1. What is the residue count in the stretch 71-98 for residues that are in a helix (DSSP H, G or I), away from ligand 1 (no atom under 16 Å from the Cβ) and more than 30 Å from residue 16 (Cβ to Cβ)?
2. Restricted to the stretch 164-222, and to residues that are away from ligand 1 (no atom under 14 Å from the Cβ) and of a type in the set (Phe, Trp, Tyr), which residue is farthest from the chain's Cα centre (by Cα)?
3. For the stretch 102-156, which positions are away from ligand 1 (no atom under 11 Å from the Cβ), among the hydroxyl-bearing types (Ser, Thr, Tyr) and over 15 Å from the mean Cα position of the chain (by Cα)?
4. Within the set of pairs 6+ apart or on separate chains, which have a first residue in the stretch 110-127 that is without any contact (Cβ under 8 Å) to a residue 60 or more places away in the chain, a second that is basic (Lys, Arg) and within 15 Å of ligand 2 (Cβ to nearest atom), and C-beta atoms under 7 Å apart?
5. All but one of (1) surrounded by 12 or more Cβ atoms within 10 Å (Cβ to Cβ); (2) within 16 Å of ligand 2 (Cβ to nearest atom) hold for residue 215; state the number of the condition that does not hold.
6. Yes or no: the stretch 232-242 includes at least one residue that is surrounded by 16 or more Cβ atoms within 10 Å (Cβ to Cβ), in a loop (DSSP other than H, G, I, E, B) and within 18 Å of the chain's Cα centre (by Cα).
7. Provide a single number: the residues in the stretch 128-177 that are within 16 Å of ligand 2 (Cβ to nearest atom), surrounded by fewer than 20 Cβ atoms within 10 Å (Cβ to Cβ), of a type outside the set (A, V, I, L, M, F, W, C) and part of a helix (DSSP H, G or I).
8. Of the numbered conditions (1) within 17 Å of residue 247 (Cβ to Cβ); (2) at pLDDT 95 or above, residue 34 satisfies every one except a single condition; which is it?
Amino acid sequence: MCGPDEDEAAWPQAGRERLVCPQPIAWKGTDWQDNEQEMVARLGPGTVMMMGDNPALPRMPARPTLLDFFRCRFGDVTVRHLLSSGKRALDDGHDDKVVLACLLHDIANGCLIRADHGYWGAQMIAPYVDEEVAWAVKYHQALHYTPDESVGYAYPESYKLFFGADYRLPDYIVRDAEEARRHPWYMTSRLITLYDLYFFEKYEPIDPAIFEDVIGRHFRQPEEGLGFDGSPTAHMWRTMIWPNNFL
Ligand SMILES: [Fe+2]
Ligand SMILES: [Fe+2]
């Protein structure tokens, strides 16, 4: 479990001012001015660049599990969205793989990156889940833009709001949606889009613990904790544990 820890001495870089430079991908193209030079000029004995646990964030356990990220790092909107998507699949009696895919489909948005979130999220979870689950997460992004009348899926009204009614899909999305449509696992990914709710819809509070059984059966939690097992994507989990690290 995570929680507040008021003891300053218990944190790394204790007693010094910790400076944070936002990650470049978060401010490129916005009004934010690059402050790296200004921050570096302020360094001295009492001032350092942030590294390691940030006292402004809940402290994570030494060996974080999947649900620790839900509780300690992911934003509220993503948590509600993922839990409700997973619960809808669970309530409808779908198999574990579908439930897990729904529960994890927007995981990249939680604390890492929004752009191409399906692709990032799939990569992040790939070492720990069945190949079909990661595949479904990857392709849900393209399938979201792609109607399928045979299963009652239309282009989302919310996307017209988000992107404008005249938004045109990039070629890679069209290509990947077509590829997904022809794939034997198509319905696993399509079901994610069918159980996807948007932020303006009503959510009931859901206890993440209801997914512990499914996670226990189908998510290979590393003994060392996510981020510390040396998997090809451990760095993505570490980046969410320490999102303010300078390097
Ligand atoms: Fe998504
Ligand atoms: Fe979603």
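The values are calculated or read from the model by the stated rules, or taken from the named source; none is laboratory data. What you see is a predicted model; the values in this text were computed from it and never measured. Positions of Cβ are generated from backbone atoms using ideal geometry, with glycine treated the same way; all protein chains shown enter the neighbour counts.
1. Just the residues of the stretch 71-98 that are in a helix (DSSP H, G or I), to begin with: 71-72, 76-91, 96-98.
Pick out the ones that are also away from ligand 1 (no atom under 16 Å from the Cβ) and you get 71-72, 76, 87, 90-91, 96-97.
When the remaining residues are screened for being more than 30 Å from residue 16 (Cβ to Cβ), the result is 76, 87, 90-91, 96-97.
Summing the residues that are in a helix (DSSP H, G or I), away from ligand 1 (no atom under 16 Å from the Cβ) and more than 30 Å from residue 16 (Cβ to Cβ) in the stretch 71-98 gives 6.
2. From the stretch 164-222, those away from ligand 1 (no atom under 14 Å from the Cβ) are 164-172, 174-175, 178-179, 181-188, 200-222; that's our starting set.
Okay, now just the ones that are also of a type in the set (Phe, Trp, Tyr), so 167, 172, 185-186, 200, 203, 211, 219.
Details: 167: 24, 172: 21, 185: 22, 186: 22, 200: 19, 203: 19, 211: 17, 219: 15 Å.
Of everything passing the filter in the stretch 164-222, 167 is farthest from the chain's Cα centre (by Cα).
3. 146, 150, 153, 155 - these are the residues of the stretch 102-156 that are away from ligand 1 (no atom under 11 Å from the Cβ), among the hydroxyl-bearing types (Ser, Thr, Tyr) and over 15 Å from the mean Cα position of the chain (by Cα).
4. Hits for this filter: 118/138; 119/138; 122/138.
5. Just one mismatch for residue 215, condition (2).
6. yes
7. Number of matching residues: 3.
8. With (1) within 17 Å of residue 247 (Cβ to Cβ); (2) at pLDDT 95 or above applied to residue 34, the lone miss is (2).
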